[in-house]
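Colleague: Sending over a structure as structure tokens; questions will come in a sec.
The values are calculated or read from the model by the stated rules, or taken from the named source; none is laboratory data. The model shown is predicted, which means the values in this text are computed figures rather than measured ones. Glycine also receives a Cβ, built like all others from the backbone with ideal geometry; neighbour counts cover every protein chain displayed. Accessible surface is based on the protein model in full, side chains and every heavy atom, while ligands, DNA and RNA are left aside. Shrake-Rupley method; radii C 1.70, N 1.55, O 1.52, S 1.80 Å.
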Amino acid sequence: MPQVLAVCISEKKGTVKHPVPEIQLKIDHGIVGDAHAGNWHRQVSLLADESVELMRQRFPDIPTGAFAENILTRGIALSTLPVGTKLRVGQVLLQVTQIGKECHADCAIRRQVGDCVMPREGIFTRVLEEGCIRPGDEIATEE
């Protein structure tokens, strides 16, 4: 069963996110305490650990959150999900709003590791049902 490996936040945009024990998500806001929260379409970012593992082959010390992911997953091919897909993550319901993104020229992550998988393989979601997400929570798609 697909699951959450880590949850991360950053208090300032453009910085590496850091793992936290749990994240609290609110409708029309995103993650409480995260710099990217707000009433827009990219409230929560997800990245598969399988994507990060490819980068760790070249840079073994890449920390969790280095690619600005809010939720690090295992066992689900995130980048293949169509926009509009609903994901039940623990008690929270998210909806995919964007696959990948254009990376900023001054991206801190790209400067630190030389590459960034988030623009190619990360996804972005908005919160449909609020609640808490913790490492170990299961992930399932919903109709």
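Colleague: Would you confirm, using the coordinates I've provided, whether L87 is of a type in the set (A, V, I, L, M) and within 9 Å of the chain's Cα centre (by Cα)? Walk me through how you get there before you give the answer.
Modeller: Details: of a type in the set (A, V, I, L, M): yes; within 9 Å of the chain's Cα centre (by Cα): no.
Spelling it out, it is not the case that L87 is of a type in the set (A, V, I, L, M) and within 9 Å of the chain's Cα centre (by Cα).
Colleague: Say we look at the stretch 84-97 and pick out the residues that are modelled with pLDDT of 95 or more and outside any strand (DSSP E or B); which of these is surrounded by the most Cβ atoms within 10 Å (Cβ to Cβ)?
Modeller: Quick first cut of the stretch 84-97, residues modelled with pLDDT of 95 or more only: 84-90, 92-97.
Going one step further and asking which of them are outside any strand (DSSP E or B), we end up with 84-85, 90.
Numbers: G84: 8, T85: 18, G90: 21.
Across the stretch 84-97, the extreme among qualifying residues is G90.
Colleague: Output yes when any residue across the stretch 53-69 is in contact (Cβ under 8 Å) with a residue 60 or more places away in the chain, of a type in the set (A, V, I, L, M, F, W, C), part of a helix (DSSP H, G or I) and open to solvent by 30 Å² or more (accessible area, probe 1.4 Å), and no when none is.
Modeller: yes
Colleague: Within the stretch 38-56, can one find any residue that is out of contact with any strand residue (DSSP E or B) (no Cβ under 8 Å at 6 or more places or on another chain) and charged (D, E, K, R)?
Modeller: The answer is yes; a qualifying residue exists.
The rows are residues; the columns are (1) polar (S, T, N, Q); (2) within 17 Å of V127 (Cβ to Cβ).
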| residue | (1), (2) |
| --- | --- |
| L5 | no, no |
| R42 | no, yes |
| S45 | yes, yes |
| D49 | no, no |
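Colleague: Could you run through the stretch 28-39 and say how many residues are surrounded by fewer than 14 Cβ atoms within 10 Å (Cβ to Cβ) and touching a residue at least 24 places away in the same chain (Cβ under 8 Å)?
Modeller: Just the residues of the stretch 28-39 that are surrounded by fewer than 14 Cβ atoms within 10 Å (Cβ to Cβ), to begin with: 28, 32-33, 38-39.
Filter once more, keeping what is touching a residue at least 24 places away in the same chain (Cβ under 8 Å): 28, 33.
Qualifying residue count for the region: 2.
Colleague: Looking at the stretch 1-27, which of its residues are open to solvent by 80 Å² or more (accessible area, probe 1.4 Å) and basic (K, R)?
Modeller: Answer for the stretch 1-27, where residues must be open to solvent by 80 Å² or more (accessible area, probe 1.4 Å) and basic (K, R): K12, K13.
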